[in-house]
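**Q** Let me give you the structure first, and then I'll get to my questions.
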Amino acid sequence: MKYKIFSKGQVSVETLLAIIMVFVLLIVVFLQNYTVSYSNETLMDIYTKKGECLRFAFAISKAYIEGAGTSISYDLKENTEILKQEKFVKIGEDYCRFLAIPSQSYSLSPSTYIIRNNNGLIEISSS
Amino acid sequence: MNFCLSISSHSKGQVSSIDILVSTIIFILIFISLRGVWLENISEAENGFYFSELQLKSETALDSLVKTEGYPSDWSISNVELIGLAEKPLVLSETKVSNLVLMDYNTAKDLLGLGSYDFKFDIISENPVNNVSVGKTLDANVFVYSVKRTVVYKGGFADVTFKVFAK
């Protein structure tokens, strides 16, 4: 009876160690995966906003470069500010420089806008 | 009898542990490989994004230089808000090109919206006497995006190249 209990105990210790090792590894894998998923979402968010910032700044510059009378329709997907003095598009924490003179500063919500070059000054209005 | 049972249990336990260990190691190796591939993809996506940014900024800056008058239209170094070198699209003004040559490099870079990127602007004329070069010299091992336009400068055709580069 004593031997029986002892032999079961030996197996249990090994199994226990193996299970603990597996659990520790699973926790490590889970935490790594969680970090990867988290950074994946963060990266997506960062690049979506930064990409939108660059595209909108490019659209404003393009309207200026192509000369008076140019109109560009733009489907804006993020809340955006246009800073007249600094000549920046601001989306979240991203600032993108545009090469144009806006007629005023703007605070825009997601919608479709017309960017118009009115004799060298850029005006933005809802379509 | 009890002794035999004990050995039997002990040996089964060992096999079980080794199985788990081997399978866990294989799993970790596969996981590390897949993670490596994923990180490589992220790195490629980031490089693609910065390349697009460089491309957008280069083309916008060069088009602004060769197609617009700048702001104000008769700008000088002291009052310039936007740099444009054109009298009319793709015809460059000698005065404005001279102003750009005399302008502080960092001010020009800022006004061209290049942020942390450096640039080199060259006008290569039919007559080499009219050649103009503004900006930094390219270092080795830098990532360069180059844009080219043909313009009229000092009565003749000239190739304008605009290189934007990042370390």
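**Q** Select from segment B:60-90 the residues that are facing chain A (nearest Cβ under 9 Å) and outside any loop (DSSP other than H, G, I, E, B) and write down the one among them that is farthest from B:Leu100 (Cα to Cα).
**A** Once the filter is applied, the top-ranked residue is B:Thr60.
**Q** Continuing with this model, one more query. Just for segment B:25-44: of the residues that are surrounded by 13 or more Cβ atoms within 10 Å (Cβ to Cβ) and of a type in the set (A, V, I, L, M), which one is farthest from A:Lys62 (Cα to Cα)?
**A** In the first step, residues of segment B:25-44 are kept if they are surrounded by 13 or more Cβ atoms within 10 Å (Cβ to Cβ); the result is B:27-28, B:31, B:35, B:42.
From what is left, the residues that are of a type in the set (A, V, I, L, M) are B:28, B:42.
Numbers: B:Ile28: 51, B:Ile42: 30 Å.
Once the filter is applied, the top-ranked residue is B:Ile28.
**Q** Which of the residues belonging to segment B:22-62 are in contact (Cβ under 8 Å) with a residue 24 or more places away in the chain and of a type outside the set (S, T, N, Q)?
**A** Once the filter is applied, which keeps residues that are in contact (Cβ under 8 Å) with a residue 24 or more places away in the chain and of a type outside the set (S, T, N, Q), segment B:22-62 yields B:Tyr50, B:Phe51, B:Leu54, B:Lys57, B:Glu59, B:Ala61, B:Leu62.
**Q** Moving to a separate point now. Being modelled with pLDDT of 65 or more and under 30 Å from B:Ala45 (Cα atoms): is that true of A:Leu17 here?
**A** Details: modelled with pLDDT of 65 or more: yes; under 30 Å from B:Ala45 (Cα atoms): no.
So A:Leu17 fails the test.
**Q** Could you tell me whether A:Asn79 is closer than 23 Å to B:Lys67 by Cα and surrounded by fewer than 17 Cβ atoms within 10 Å (Cβ to Cβ)?
**A** no
**Q** Could you check B:Asn127 against (1) more than 14 Å from every other protein chain (Cβ to nearest Cβ); (2) at pLDDT 95 or above and say which number it fails?
**A** Tallying (1) more than 14 Å from every other protein chain (Cβ to nearest Cβ); (2) at pLDDT 95 or above, B:Asn127 fails exactly one: (2).
**Q** Can you find even one residue in segment A:48-63 that is among the β-branched types (Val, Ile, Thr), surrounded by 13 or more Cβ atoms within 10 Å (Cβ to Cβ) and modelled with pLDDT of 95 or more?
**A** Going through segment A:48-63, the residues among the β-branched types (Val, Ile, Thr) turn out to be A:48, A:60.
Those left that are additionally surrounded by 13 or more Cβ atoms within 10 Å (Cβ to Cβ): A:48, A:60.
Then drop every residue that is not modelled with pLDDT of 95 or more, which leaves A:60.
Yes, the conditions are met somewhere in segment A:48-63.
**Q** Ok, one more. Do we have B:Thr95 as assigned to a helix (DSSP H, G or I), modelled with pLDDT of 90 or more and away from chain A (no Cβ under 12 Å) here? Before the answer, list the steps.
**A** Working: assigned to a helix (DSSP H, G or I): yes; modelled with pLDDT of 90 or more: yes; away from chain A (no Cβ under 12 Å): yes.
Taking the combined requirement at face value, the residue satisfies it.
**Q** Limited to segment B:1-53, what total is found for residues that are at pLDDT below 80 and either among the charged types (D, E, K, R) or touching a His at 6+ places or on another chain (Cβ under 6 Å) (or both)?
**A** Qualifying residue count, segment B:1-53: 3.
Matching residues to (1) closer than 16 Å to A:Glu93 by Cβ; (2) part of a helix (DSSP H, G or I); (3) at pLDDT 70 or above; (4) at the interface with chain B (Cβ under 10 Å from one of its Cβ atoms):
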| residue | (1), (2), (3), (4) |
| --- | --- |
| A:Lys4 | no, yes, no, yes |
| A:Gly9 | no, yes, no, yes |
| A:Met21 | no, yes, yes, yes |
| A:Val29 | no, yes, yes, yes |
| A:Asp45 | yes, yes, yes, no |
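**Q** Identify all residues within segment B:46-59 that are farther than 19 Å from A:Glu66 by Cα, surrounded by fewer than 18 Cβ atoms within 10 Å (Cβ to Cβ) and within 11 Å of chain A (Cβ to nearest Cβ); write none if there are none.
**A** Going residue by residue through segment B:46-59, those that are farther than 19 Å from A:Glu66 by Cα are B:46-54.
So of that shortlist, the ones also surrounded by fewer than 18 Cβ atoms within 10 Å (Cβ to Cβ) come out as B:46-52.
Matches in segment B:46-59: B:Glu46, B:Gly48, B:Phe49, B:Tyr50, B:Ser52.
The values are calculated or read from the model by the stated rules, or taken from the named source; none is laboratory data. Being a predicted model, the structure only gives us computed values, none of them experimental. When we count neighbours, we look across all protein chains shown, and the Cβ atoms used for this are built from the backbone with ideal geometry, even at glycine.
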